[in-house]
Structures are given as C-alpha cells and as structure tokens.
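Read the structure below first, then the notes.
Only the coordinates and a few stated rules stand behind these numbers; no lab work does. Since we're looking at a predicted model, the values are computed, not measured. FYI the Cβ positions are ideal-geometry reconstructions off the backbone, even for glycines, and counts take in every protein chain you see.
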Amino acid sequence: MNKQSKNPTGAPTRSSASRWAEDYASQIGTDLPRRNRSGIEIKPLYTPADWNGDRFEAQLGYPGQPPATRGVYASMHRGRSWSQRQLIGYATPAEYNQRLRNMIDAGVTAVSLIPCNSVYRGFDIDEVDIELVGTCGVTVNTIEDMEVCLEGIPLDRMSVSLNDPSPFTLLGFMAALARRRGIPWSAITGTSNQSDYISHYVANHMFYRLSLPGSRRVLLDHIKFANQHMTGWNPVSVVGQHMQQAGATPAESMGLTLSTAIQYANDCITLGLEPDSFLPRFTFFFDISISLFEEAAKFRAARRIWSRITREQLGAKDPRSWRFKFHGQTSGSDLTRQQPLNNIARVTIQALSGILGGLQSLHTDGYDEVLSVPTEDAARVAVATQNILREEAGLADVIDPLGGSYYVETLTDQMEEAILAVMKRIEDAGGMYAAVESGLVQSMIGESAIAFQNRVDNGEQTMVGVNAYQIKEESLADVGLTGPDRALMEAQVDRVRRFKKDRSQDDAQQAIDALRNAANDDGQNTFEQVIEAADAGVTHGEICTALREELGYGHPLVVA
Amino acid sequence: MTVSETAPRVLVTKIGFDGHDRGSRIVASYLRDAGMEVIYTSPWQAVDAVVNLAIEEDVDVIGVSSLATDHHLIPKLMKALGDAKMEHVAVIVGGIIPPGDEKAMMDAGVAEIFHPGATREQIVDGVRGLAEQVRGGSAVS
C-alpha cells in the first residue's frame, strides 16, 4: 500500500516529487546555491520531507505555552496589538515634549525618549561642544528637564521607554518626578532600554566609560531595586540590535544576545536572587533586517530557545519567566541614500517580518534616516506604516500565520541550530562577559561586517539603487534639518547652569557623597542613591562623574 | 626609498560622541587591503587628539567617519589642523552627512565626502589620489 498517497495533508507523492525535481532541474539551468544572511543554504522548495505535522506538539504547539515558538501570549496581536513605540528625541526638552505630543496624536501608544549623545557619554550640555548639543537626541540633564519632557504625559498610564544606559539617571529623574507628582513607583511601566552594557561595549561603544566591572555592579543594583520598588518596570532590555547593526548576522546577533541574557541571569542568581523574581522583567530588543523569512524564523527560534533555557538551565518555574518579550526596530543599515523613498518599501517589509515573528513593540525607521535625523514627515509615514500593516493588511488577525509552512518551520529549526552554535562558542570561551573581555565577540562582529560588505561590493547582495538599478538622481534637496536652533540650545545651556546655581548646594553635595558611599559599599544600592541625587538637584553629568571616579573608567577595545 | 614611494599613511578616526564604528572599520580594512598604512583609533577622539596623532604619525590623509551628527565638529578640526600648520593633510568625511550640510564641510576645507553606497574602488582611488596630491604638494614646498 502506498502510504504517501494517503497522506491527509495532501502532500505530494514520491512520484510527483521526483517529477518536480526533474522538471525543476531542466527549467532552472545552472542553480547556484543561495544562502541567507546567516549562511544557511536556501532550497528552491520545501515539502513534508523537510517538515511535517508529526512534530507539531514538540516544535510548535500553542502560543503562550512551551515550546513557545508561536508566541509568548495566548492571544498575541489579536488580543493586544504590538505597541507602536517610535524613538523620539531632539533638541530641547520643550521641543521634545511638543514632538512627543504630535506623535501621540498620530497614533503612537508609548513614550520613547532618546537623549542627546552628550548625555549618553555621561556629560552635561555645559561641558561639551555646543555644535553637538541636541543634534540627535533631547538634552536631559536635570529633574527639571525631565519634568518639561514629560509635561502632560500620564506616567501611571503610559509605558515609557528610556534610552538610558547605566547608571540610569533618566529613570532616576523620572522616579523622583513621579514621587513629586504623587504617583507610586509600582504604577510606572516601561523599560530601561540600553541597560545592556555588554552590547554597548562590543557594538557601538555607547557606554559611559564606566569600567566593565562597574557597569556590571550598577546594572545588578538597578535590577534589584526595580524588583523591590518598581515592579512594573523592566530594568533589563538585552540588545541584539546594536550587534546586528554593527555587522553580526541575524543568527550571530541572536546567539550573542541570548548568551548575554544568560550572563545577566547567572549574575543575578549569584547575588542570591530567585530566577522567578527577575526573569519576568527581562526584555529583548532586536534589529529586523529585510531578510523577511530569516528574521521571522530568527524570532520564532529564539522564543523556543529562551523558553527552554529559562526552564531547564536557569530553573524558572513561573511561566512569565519563560516569555521572550521583545521590541523590534527596522534596520537602518538596509536603508539607502540612493532613491530614499524606496526606504518606505524596505521599512514595510522589515516591519512585516518582525510582526510575523511575534514582536511586542515596534519602531519603524523614517525613510530619510540615512540622510539625517528623521524629519517629522518621515516619522509620520513610519507610524502610518504600522497602522496600515495592522488595520489594512490585517496582520493582527491571526496568531503566527507562518506556522506550519514547510519552509519557515525548516528555517526556524536551522536558525535555532545556528544560534545554538554561536551560544556554544561563547560558552566555551567562558561565557559572554569573558568573551567580551577577550575581544572574541568584537572580532566575530567585525568579520561578519566585512563579509557582508564584500557581498555588496561584488554584487552578490543586491541593494537597489546602490549596486543595481541605479538611476541618475538629481542632487538631493536640502532636507531642511541640519541641526537644532543654536540659540535655543545656548538658552538651554544657560538654563542648566542656572539650575545648578539655584539649587541647594548642601543638599546636592550630600546626595553626591551618599552616591559615592553607595558605590563603595556592596551592601548599598547605587540606583537608590541615583534617584535621591536626582531629587536633590544633582545633574546627570555629576552623577556619572561620581560613579566613574568610584567605579573606574572603561576603555574601548580597539578592534579594526 | 623616497617618501613618495612608500604607502600612503591614513588616519581613520571618529570625533565627537557617537560610537557606531562599522563604517570606519570597513573603510580601514579597504585601505589596508589596498596596501596603505592605516592608523586606526577608537571612537570619541577629541579634535586636539586627532591633530596630535596626525602630526606624530605624519599622515597624508585623515578620514573622519560620522553617523550621528558628529560631522558638526569638522570645521573645528579643520581650524585646529590649520593652527598646527597641518593644512597640507587632506581630510575626508564619510557617513551620514545631510545634503544641507555638505557645503559647510567643503567650505571648511574638506577634500571629499563619501556617502553611504560609496564603493570600495571609489574610496580607495579617492584616498590614494589625495595622498599623492598631498605628497606632490609637500615635495614642491
């Protein structure tokens, strides 16, 4: 009896399969191997010979329960759409507040705050070159600045995502502000984005120059504090986005990110924290490239891996600890300066891929990001893209619509294998912290960046408008956003100086001393003192300087 | 061997606050593959540090990579190079340079701007050509 012909899935019989193979070979001529960005060879056709429903329960199952491939919640986007979280940050706090309110009117449902790069580096704006102040993020140096940024924003009802690397001064300002407004810290929801110092260290050097051990200490304090006092806050966002933007392949960036998450979890466990007390508040942040199926498979595989690791390796019992919750950002490095409107198409596909991959929140890039900091018009198109995907294309209707696809299931298994191989390499190197100290991770990322660039250079990887389909373009028009108003920025510098002059100097000095003491006493919590310092009028730069001096400066490893 | 027969010496760096170094790393590898002597720095260099390094290393070309508005410091760099009598060094800028800002870069004395999508060949040939001009100029003077 021919079992194949009775296959209830209607899969092709052996004879039709071999007939297809012959027809394919005769039609295709030379069939060069095709590989995705992670190096996995892509076949022309996938069938039940690659994946079939036999493994449904073990590999797929149902959303919201292990193996978690299909999503972290039972109702996924149909129950609650992903958050539309656009990165916003520019110029002065007052201008930021205006732009934030405009974006909320356009459909943004969560606050995001991107500080000026001087803030990232741990300075106040009165310490740095005025040319760079407010050019690519909002200047927040004091509690007063934060108050202006968040004017009219209901902190107890809107999730806030702060791009706030250690020592988390932005959240310190916000927490102090909430206390003044009478909002309990337990009512604040959101995420300390950029708290993953490892990703900064290896991928874009955007850390405060706190030493690696100092960064480690400050993050653990932050996690402990949030666990006790800000139970709705996510103190950890483990970031794969930086590494993929820096050149890691999708599988590498995922493997490195999961290795980082394991490192942080083990650090917490070493401190004596119960896995189920902190794992439910771990979140992730990833880049979404235009490699549509590869990215969706990357996320599906990672959900499965994290669910397994938290249960089997980290000893988590609470199902909330198993959830791989992530924010996705469409990839800026896929966008082109040539024919910039094409980027709207690219961002749409990237967003689609992330949504199919089951993300919890999404930032879509402005099409002009490769030209400058996004204009307000481009930011509006980016938000509209999400609205169109959700409400016109119906992407929130069905959970894990790719589930059961022969191709996607096979690819998910293969991506899982590739991700696990990266994790094994890191584990063999002594874990993520050690692999970063030795420079292994930086070398991996650098090599992949060059390999990808070589593929673009030799035409293997098409980039429309760059190495294919070029057109003679008019010289680009002035996009009209070449920097914030210098006079406004100078006025803001004066404002920060005035704030420092008018505060109670005794209170500020006492708070700085308390912060220094906490840094030198493992029994105290540095983040608690960051909040008190923020409340006492201590500035961002002063908080960073105190901690740098006590915990040591960090220096980037130079890997070229 | 005379100076003009040795490989071009190029300083590849980033000034300002941003740390995205994918571009500078790739450009450094392009130039090295083409046989040039590349002096590579980590990001966040101060303008004065770049000038001092250019003097110490006797470079022909300085390549500054910028992703997040650090190119706003280029006029300061050009002035500092002039003050240090290093105006013969050619400065190139690569990365995200908004169209509206190009003129300010060129007016400050930048020799060339490479935008995203510039090819390996364009960059290597451009840098080599500039290094030859620099050496030709200094041989005359």
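The angle between the Cα long axis of helix A:169-181 and the main principal axis of chain A comes to about 70°, on a 0 to 90 degree scale. Which listed residue (A:GLN313, A:THR283, A:PHE324) has the Cα farthest towards the positive end of the charge dipole for the range A:278-334, taking +1 on Lys and Arg C-beta and -1 on Asp and Glu C-beta about the Cα centre? Checked the options; the winner is A:GLN313.
Across the range A:1-155 the C-alpha pair distances fall into 5 Å bins from zero in the proportions 2, 7, 10, 10, 8, 8, 8, 8, 8, 7, 7, 6, 5, 3, 1, 0, 0 percent.
Just how large is the dipole of the protein assembly as shown about the Cα centre, in debye to the nearest 20, putting +1 at every Lys and Arg Cβ and -1 at every Asp and Glu Cβ? Don't skip to the end; give the middle numbers.
On the way: 64 positive and 89 negative charges, 456 e Å.
With Lys and Arg at +1 and Asp and Glu at -1, about 2180 debye.
Averaged over B:86-97, how many beta carbons belonging to a partner chain fall within 10 Å of each residue's beta carbon?
Values: counts 0, 0, 0, 0, 0, 0, 0, 0, 0, 1, 8, 4.
Per-residue shielding by partner chains comes out at 1.
What does the charge add up to near A:ARG425, with Lys and Arg as +1, Asp and Glu as -1, over the other residues with Cβ less than 14 Å from its Cβ? Neighbour charge sum, excluding A:ARG425 itself: -4.
In the range A:193-350, the C-alpha radius of gyration followed by the widest Cα-Cα span (Dmax) gives 16.4, 54 angstrom. The label point for A:GLN65 and the one for A:GLU274, both projected 7 Å from the Cα toward the Cβ, are 2.4 nm apart. Pairs of C-alpha atoms in the range A:56-456 farther apart than 42 Å represent 6 percent of all such pairs.
Return the ratio Rg/(2.2 N^0.38 Å) for chain B, where Rg is computed over Cα atoms only. It would help to have the intermediate numbers written out before the result.
Details: Rg = 13.8 Å, N = 141, 2.2 N^0.38 = 14.4 Å.
For chain B, the normalised Cα radius of gyration comes out at 0.96.
When the helices in the protein assembly as shown are scored as -39500 (n - 2.57) per DSSP H run of 4 or longer and the sum is shared across all residues, what 222 nm value do you end up with, to the nearest 500 deg cm²/dmol? Please list the in-between numbers first.
Details: 25 runs with 311 residues, N = 701.
So the calculated ellipticity at 222 nm is -14000 deg cm²/dmol.
For the range A:362-445, what ratio Rg/Rh do Cα atoms give with a Kirkwood hydrodynamic radius? Ratio of gyration radius to Kirkwood radius: 1.16. Taking the Cα centre of the range B:3-140 as reference, the dipole from Cβ charges on Lys and Arg (+1) and Asp and Glu (-1) amounts to some 180 debye. Note on A:243-252: average number of Cβ atoms from other chains within 10 Å of each residue's Cβ is 1. Modelled spin-label separation between A:ARG181 and A:ASN266, with each label point placed 7 Å from Cα along the Cα-to-Cβ direction: 4.0 nm. Taking Cα centre as origin and charging only the Cβ of basic (Lys, Arg, +1) and acidic (Asp, Glu, -1) residues, the dipole magnitude of the range A:398-512 rounds to 720 debye.
Taking other C-beta atoms within 10 Å as the exposure proxy, A:LEU389, A:LEU488 rank A:LEU488, A:LEU389 from fewest upward.
Please compute the average number of Cβ atoms from other chains found within 10 Å of each residue's Cβ in peptide A:465-473. Don't skip to the end; give the middle numbers.
Numbers: counts 1, 4, 2, 0, 0, 1, 0, 0, 0.
The shielding value for this peptide is 1.
Farthest towards the positive end of the charge dipole of the protein assembly as shown, among the residues B:ALA49, A:PRO33, A:VAL466, is the Cα of A:PRO33, using unit charges on the Cβ of Lys, Arg, Asp and Glu.
Taking the number of other C-beta atoms within 10 Å as the exposure measure, put B:SER42, A:SER18 in order starting with the fewest. Working shown, then result.
Details: B:SER42 17, A:SER18 11.
Result, fewest neighbours first: A:SER18, B:SER42.
Within the shell of other residues whose beta carbon sits under 14 angstrom from the beta carbon of B:GLY82, the net charge comes to -1, with Lys and Arg scored +1 and Asp and Glu -1.
How would the protein assembly as shown be classified by its alpha-carbon gyration tensor: rounded, prolate or oblate, with rounded meaning a/c under 1.5 and the a/b versus b/c comparison settling the rest?
Values: a/c = 1.72, a/b = 1.14, b/c = 1.51.
The shape class here is oblate.
The overall shape of the range A:114-211 is oblate: from the C-alpha gyration tensor, with semi-axes ordered a ≥ b ≥ c, the ratio a/c is 1.5 or greater and a/b is no larger than b/c. Annotated for chain A: lysine pairs at least 8 residues apart or interchain, Cα distance under 29 Å, count 13. Counting charges near A:VAL138 (Lys, Arg +1; Asp, Glu -1) among other residues having Cβ under 10 Å from its Cβ returns a value of -1. In order along the range A:449-456, the phi-based Karplus estimate (6.51 cos²θ - 1.76 cosθ + 1.60, θ = phi - 60°) of 3J(HN,Hα) comes to 4, 5, 4, 5, 4, 4, 5, 5 Hz; Gly and Pro are listed as x.
Classification of the range A:401-560 by its C-alpha gyration tensor yields an oblate form. The axis ratio a/c (a ≥ b ≥ c) is 1.5 or more, and b/c is at least a/b. Between the residues A:SER333, A:THR257, A:LEU212, the greatest Cα displacement towards the positive end of the dipole of chain A, with unit charges on the Cβ of Lys, Arg, Asp and Glu, is found for A:THR257.
For chain A, the longest principal axis of the alpha carbon atoms and the long axis of helix A:505-519 meet at an angle near 40°. Compared with the dominant Cα axis of chain A, that is its longest principal axis, helix A:526-535 is turned about 50°.
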